[in-house]
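What follows is one structure encoded as structure tokens, with my remarks underneath.
Readers should treat all values here as calculations from the given coordinates under stated rules, not as data from a laboratory. Remember, it's a predicted structure, so these values are computed and weren't measured experimentally. So basically every Cβ, Gly included, is an ideal-geometry build from the backbone, and we count neighbours across all protein chains shown.
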């Protein structure tokens, strides 16, 4: 197969790229800064993310992926083209791209991703199930009989799968992720303390002091925002105890949604999952004590993995480099000219 092999995880919060022989070479927020007058992009990824909330009306910020689907086709293509050129350079042969998608992605949405990736410069594209990739990234997907389970708690969605003999035998998608906690923190501060904060600050609070269970030793954090009364800058302290009720509410919703989904899994598969435990990955799995909370409420041992945010892209890399794994799961590369015929 001519052309460099590239793996892509194009998610609602970040774009990750795995390059053959190099590993993970791109991990950037999936946002683009745009000149509102010309409509042209002026920054991608981290550079664009730094502009968020700090720019004039002449510059707009767009998230190119929302809830696992392309929300801005043109900017998604421009962003991916920028990073593919950075990774591949001026090669004669176009890269062969494996991209992981949510298991509930419709055929129309798959066609959109295929168009984005090929217009961005790919020669051939292979669409794979993102949650299967997460299972490989968590070392859950094996060639053994018996179900093993993974839950990927993402930014906007949560996915789960039970895998057996290297393939998915049961899976589902929950339209709820860790972003709901960010919103709950922001809403609390606005409604109860008349303080406005941006998404970066909400994420910082979530990552540093929130917990799925009430902390025995309270944690505190000093952050900055804006007074909703006089619109002046304000620095303030916020504690884990203060935000816990709002975090707890959102985690309750998430856990209940997961329980509802798991209840639909056939008994034999669920018993296998219970025997082996559940692996947790995705950014939401970094919430302090989330594994313990899920273990207690699901009645199944749950545990995190190392570098959980990179689990899916690591798994995409494993699939990308092993043609047998791709073929055994029914995945094949599609040439640009074949797209219309392959996706109906």
Heads up, the chain by the C-alpha gyration tensor (a ≥ b ≥ c square roots of eigenvalues; a/c under 1.5 rounded, else a/b over b/c prolate, else oblate) looks oblate
Return the single residue from 60, 89, 166 with maximal mean-square fluctuation; model: Gaussian network over the chain, springs between Cα atoms under 10 Å.
-> 89
Using the beta-carbon distance between residue 92 and residue 119 and R0 = 22 Å, what value does 1/(1 + (r/R0)^6) give for FRET efficiency, to the nearest 0.05?
-> 0.70
On full extension of the chain, what length is gained from residue 215 through residue 307, given 0.36 nm per residue of separation minus the C-alpha to C-alpha distance?
-> 30.8 nm
The range 234-344, relative contact order in percent, only Cα pairs under 8 angstrom and at least six apart counted = 18
Suppose R0 equals 22 Å; then what is the FRET efficiency for residue 297 and residue 222 from their Cβ-Cβ distance, rounded to the nearest 0.05?
-> 0.10
Mean separation of Cα contacts under 8 Å (6+ apart) over length of the range 140-304, as relative contact order % = 25
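When a/c reaches 1.5 or more, the comparison of a/b and b/c decides; with that in mind, is the range 19-159 rounded, prolate or oblate per its Cα gyration tensor?
Because a/c hits 1.5 or more and a/b exceeds b/c, the range 19-159 counts as prolate.
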Span from the the range 243-257 Cα centroid across to the the range 1-80 one, whole angstrom | 30
Under the rule rounded for a/c under 1.5, else prolate if a/b exceeds b/c, else oblate, using alpha carbon gyration tensor axes a ≥ b ≥ c, the range 140-304 is classed as prolate
So what's the gap between the Cα centers of the range 90-141 and the range 168-198, to the nearest angstrom?
-> 27
Gain upon complete extension [residue 74, residue 20; 0.36 nm per residue less C-alpha separation] | 16.8 nm
Candidates 102, 58, 71: whichever shows maximal mean-square fluctuation once the chain is modelled as a Gaussian network with Cα springs under 10 Å = 58
By counting other Cβ atoms within 10 Å of each Cβ, how are 302, 217 ranked from fewest to most?
-> 217, 302
Helix-only [θ]222 nm of the chain, DSSP H runs n ≥ 4, -39500 (n - 2.57) each, per residue, nearest 500 | -11500 deg cm²/dmol
Report relative contact order for the chain in percent, whole number only (criteria: Cα-Cα under 8 Å, sequence separation at least 6).
-> 19
Subtracting the Cα-Cα distance from 0.36 nm times the residue separation, let me have the gained length for residue 268 to residue 208 in nm, one decimal.
-> 17.7 nm
Mean-square fluctuation maximum in Gaussian network of the chain, Cα pairs under 10 Å, restricted to 85, 191, 256, hits 191
Rounded to 0.05, the calculated FRET efficiency for the beta carbons of residue 85 and residue 47 at R₀ = 22 Å is 0.90
